[in-house]
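Below is one structure; the comments refer to it alone.
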Amino acid sequence: MNPMFTKPFGLDIRSIIPLPGCVETEGTPDVSIRFGEVPDSLPNASTIRACTQARPGQFLLIVDRVAKYLVEYGNLITIQPAPGATEDEIRLFLMGSAWSALLLQRGLLPLHGSAVLVNDKAIVLAGPSGNGKSTLAAALMDHGFPLIADELCALVINENSPPLLLPGFPQILLWADSLQILGKDPQHLTPVRPGLEKYILFAFGGSAART
């Protein structure tokens, strides 16, 4: 493991589902992830969308045929898997929308993007899905620029200093055609979910950096 790598988002995480880069430590974790009962709705929700609801301190995500996720107060995520859902599917949405809500609850600014370290500064590649953020980040990695985060970036905003980008999970998600362009073989990589030609490429090396 690259010595630059630090724990994801600077957090001690205790999870019922294995997460990349997480090593269980003694004592009380910053974030706990467990299986349990999750409601179908939040009473007095202030925000209601097609598959999400929110109120102060709580966020509910419902992914059809995968799981229900309840994110609470920046330190607890409860997951109720759907019958037949795979661990890979459950982890995918846990590390995406559910984790983004947890970061917000902790007072961080989540960004949908990828980030690499260039001359001790974080370069964040942001934009809509499918624009090649992860592919460009992977290409920069091949040229010696360490990955800080992929898919989800977390910024610490302080008016007295430049924004600080925290290291994310040490992996990058790439479609099969991107892997082919980069000269990588997806045959021995794990798909992010069954039937989807998007794969997990582990990429250790991120550390916190100023943007």
Simple label model, 7 Å out from Cα along Cβ direction - residue 16 to residue 65, nm:
2.3
Just to be sure I understand the model, the point goes 7 Å from the Cα along the line to the Cβ. What's the resulting residue 159 to residue 112 distance in nm?
3.0
Show that you can apply the helix-only estimate: for the chain, add -39,500 (n - 2.57) for every DSSP H stretch of four or more residues, divide by all residues, and state [θ] at 222 nm to the nearest 500.
-3500 deg cm²/dmol
Shape of region 136-191 from its Cα gyration tensor (a ≥ b ≥ c, root eigenvalues): rounded if a/c is under 1.5, otherwise prolate when a/b > b/c, or oblate?
prolate
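Note the direction-averaged projected area, equal to a quarter of the hull surface, for the Cα convex hull of the chain, in nm².
12.9
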Percent carbon-and-sulfur accessible area, the chain, ignoring ligands, DNA and RNA, probe 1.4 Å:
54
Isotropic mean projected area of the C-alpha convex hull, region 18-126 (nm²)
8.6
The extension gain from residue 49 to residue 120, computed as 0.36 nm times the residue separation minus the Cα-Cα distance, is 21.6 nm
Pick from 170, 39, 81: which is most flexible by mean-square fluctuation in a GNM of the chain where alpha carbon atoms under 10 Å apart are linked?
39
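Using +1 on the beta carbon of Lys and Arg, -1 on that of Asp and Glu, and nothing else charged, what's the dipole of the chain about the Cα centre, debye to 20?
Taking the Cα centre of the chain as origin, the dipole is about 320 debye.
Hand me the trypsin sites (Lys or Arg not before Pro) from region 55-146 located in a DSSP loop with no more than 13 other Cβ atoms within 10 Å, in residue order please.
65
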Taking only C-alpha pairs under 8 Å that are 6+ residues apart, what is the relative contact order of the chain in percent?
19
Which of rounded, prolate or oblate describes region 103-147 when judged by the alpha-carbon gyration tensor and an a/c cut-off of 1.5?
oblate
Would you calculate the separation in nanometres between label points at residue 87 and residue 30, each defined as 7 Å from the Cα along the Cα-to-beta-carbon direction?
2.4
Distribution of pairwise C-alpha distances over region 25-84, 5 Å bins, in %
4, 19, 26, 24, 14, 8, 4, 1
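Test of the criteria: in region 91-197, which GluC sites (Glu not before Pro) are in a DSSP loop and have at most 10 other Cβ atoms within 10 angstrom of their Cβ?
Here the GluC sites (Glu not before Pro) that fit, given the DSSP loop and packing criteria, are 159.
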Residues in region 128-159 near a label at residue 180, defined as backbone nitrogen under 20 Å from the 7 Å Cα→Cβ point?
130-139
So how much accessible area does residue 157 have, in Å² to the nearest 10, using a 1.4 Å probe?
110
By how many degrees, 0 to 90 and rounded to 10, does the Cα axis of helix 133-142 deviate from the longest principal axis of the chain?
40
Per-selection metrics, region 108-211 (Cα): Rg and Dmax in Å:
13.8, 48
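The values are calculated or read from the model by the stated rules, or taken from the named source; none is laboratory data. From a predicted model like this one, the values you see are computed outputs, not experimental measurements. Every residue, glycine as well, gets a Cβ built from its backbone with ideal geometry; the counts of neighbours run over all protein chains shown. Quick note on the areas: whole protein, heavy atoms, side chains included, nothing else; ligands and nucleic acids left out. Shrake-Rupley method; radii C 1.70, N 1.55, O 1.52, S 1.80 Å.
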